[in-house]
1. Name the residue, out of GLY382, GLY416, GLY393, that is farther than 21 Å from PRO133 by Cα, small (Gly, Ala, Ser), exposed (fewer than 14 other Cβ atoms within 10 Å of the Cβ) and touching a residue at least 24 places away in the same chain (Cβ under 8 Å).
2. Hey, could you check the stretch 91-135 for residues that are open to solvent by 40 Å² or more (accessible area, probe 1.4 Å) and of a type in the set (Asp, Glu) and say which is nearest to ALA297 (Cα to Cα)?
3. Restricting the search to the stretch 254-311, which residues are assigned to a loop (DSSP other than H, G, I, E, B), open to solvent by less than 10 Å² (accessible area, probe 1.4 Å) and of a type in the set (Ser, Thr, Tyr)?
4. Return only the number of the condition from (1) over 30 Å from VAL398 (Cβ atoms); (2) out of contact with any helix residue (DSSP H, G or I) (no Cβ under 9 Å at 6 or more places or on another chain); (3) open to solvent by less than 10 Å² (accessible area, probe 1.4 Å) that ALA229 does not satisfy.
5. Go through (1) within 24 Å of GLY159 (Cα to Cα); (2) outside any loop (DSSP other than H, G, I, E, B); (3) open to solvent by 30 Å² or more (accessible area, probe 1.4 Å) one by one and return the number of the condition TYR243 breaks.
6. Report yes if some residue within the stretch 185-203 is open to solvent by 40 Å² or more (accessible area, probe 1.4 Å), farther than 21 Å from ASP366 by Cα and touching a residue at least 40 places away in the same chain (Cβ under 8 Å); otherwise report no.
7. Given the conditions (1) out of contact with any helix residue (DSSP H, G or I) (no Cβ under 7 Å at 6 or more places or on another chain); (2) part of a loop (DSSP other than H, G, I, E, B); (3) small (Gly, Ala, Ser), and given that ALA51 satisfies all but one, which numbered condition is not satisfied?
8. What number of residues within the stretch 72-128 satisfy the criterion of being touching an Asp or Glu at 6+ places or on another chain (Cβ under 7 Å) and among the hydroxyl-bearing types (Ser, Thr, Tyr)?
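The values are calculated or read from the model by the stated rules, or taken from the named source; none is laboratory data. Just so we're clear, the structure is a prediction, and the values are computed from it rather than from any experiment. Here the Cβ positions follow ideal geometry from the backbone for every residue, glycine too, while neighbour counts run over all protein chains shown. Protein only, heavy atoms only, side chains kept; ligands, DNA and RNA dropped before computing areas. Shrake-Rupley method; radii C 1.70, N 1.55, O 1.52, S 1.80 Å.
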Amino acid sequence: MPETPQEVLKMIQDRNIELIDLKFVDMLGIWQHCTFHRSLIDEDSFTDGVAFDGSSIRGWKAINNSDMAMRPDPTTAWVDPFMEVPTLSMICTIVEPRTGELYDRDPRSIAQKAIDYLIASGIGDTVFCGPEPEFFIFDDARFDQTGNQGYYYIDSVEGGWNAGRNEPGGNLGYKIANKGGYFPVAPTDTLQDIRSEMLLTMGKCGVPIEKHHHEVASGGQCELGIRFAPLVNAADYVMTYKYIVKNVARKYGKTATFMPKPMFGDNGTGMHTHMSIWKDGQPLFGGDKYAKLSQLALHFIGGLIKHAPSILAFTNPSINSYKRLVPGYEAPVNLAYSQGNRSASIRIPLSGDSPKAKRLEFRCPDPSCNPYLAFSAMLCAGLNGIKNQIDPGDPLDVDIYELSPEELSKVPSTPGSLEAALENLEHNHDFLTESGVFSEDFIENWITYKLDKEINPMRLRPHPYEFSLYYDC
């Protein structure tokens, strides 16, 4: 992969690239793009950026102040495998065209500010993130909401609900029961070839790949494994991951979703995220404390636990997120830490004695999040814990779901809804803004957007299950 603007321009020449596709992430974590002819991209494009109108991007500029610029990152260049015409893709940071300053509502800019804050703090210079996004692959997905109806319908040939269905050519059986999808081989696992293509395509696009497998839920739940990377790169990889998963699924006549809870009664979809801090090439999370962590790592965990009710507004930012965060589906609803215990929201993986492998795994996030915002919020919370030496309390090395009600009442839990998470964010966000990573304007805009565009519209719409509960009232 190229590293410099000069190498990108040479790649364009050598591979006879006709078009340059510049991608950037919007506030909610969805890629937007504009495609330019090769003649419009030169060395100045990598410093000055390429101008565009930002007034129509969700949650961004007003129409009277809409001029913006996309500054492509040459290290993110890859040839798009889904374009018929040879097209080079690059991920961009958004800058103010008149000043060249990072735009404070651009998520990728916020992530860069988080790294700058880490360096300025003197604590470290690199934070590694290892995200684990899960997803579903469906054969059919239909949904609608009008004044007189509201419904969704999803289907998968693997779904246990299809065990008795009359299928073309005959029902071949091998359906997956609820919570029965972890690691079955073919013919039960029908998605091997699709996942293989997804994984290898990601590798060709610069994402450091590891493995793939079927996940726990019925109906086509999957996971592709990618390696950890520095924070901004890791967020870039998540965006590339989602783009490739969706487009390979479409190639096979299927559809992929990263919704946290698309199916009732089975496991939801998470994005467990590993994190560690390094300085001068040396790991800082290894030590002689609990689970062979350092005191600095424990303070980081303390900050993460303390501020989790606020940062969940970014790591779990959808109404649907909180249909996953309920007991009984391997969901980390209790704010505690433990080595190897997957019922805790923060797990210390059993990674051997090497200090380089010491890290924490925050199990709350889900892939509906904007990864740049989620990882930045996690880092800010952890750094606040280090600066203030926040004690994470005692570890919980038992199955949390087996605790008595009295014991469980002493364990703090995650917010029960997006609205509750936003309320926590509103009242506790100094740890995000005092560093200059997030601005007050961004926090206010985020809360207002979520209330006006998601929570309040949901309140107005009757749910299908309400008819079962109340129609005969």
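1. On the way: GLY382 fails: exposed (fewer than 14 other Cβ atoms within 10 Å of the Cβ); GLY393 fails: exposed (fewer than 14 other Cβ atoms within 10 Å of the Cβ).
Result of the check over GLY382, GLY416, GLY393: GLY416.
2. Checked the stretch 91-135; the qualifying residue nearest to ALA297 (Cα to Cα) is ASP125.
3. THR269
4. (2)
5. Condition (1) is where TYR243 drops out.
6. So the first thing to find is which residues in the stretch 185-203 are open to solvent by 40 Å² or more (accessible area, probe 1.4 Å), and the list is 185-187, 190, 192-193, 197, 200.
Pick out the ones that are also farther than 21 Å from ASP366 by Cα and you get 185-187, 190, 192-193, 197, 200.
After this cut, where a residue has to be touching a residue at least 40 places away in the same chain (Cβ under 8 Å) as well, the list is 197.
Yes, that holds for at least one residue.
7. Failed condition: (2).
8. Here the count works out to 6.
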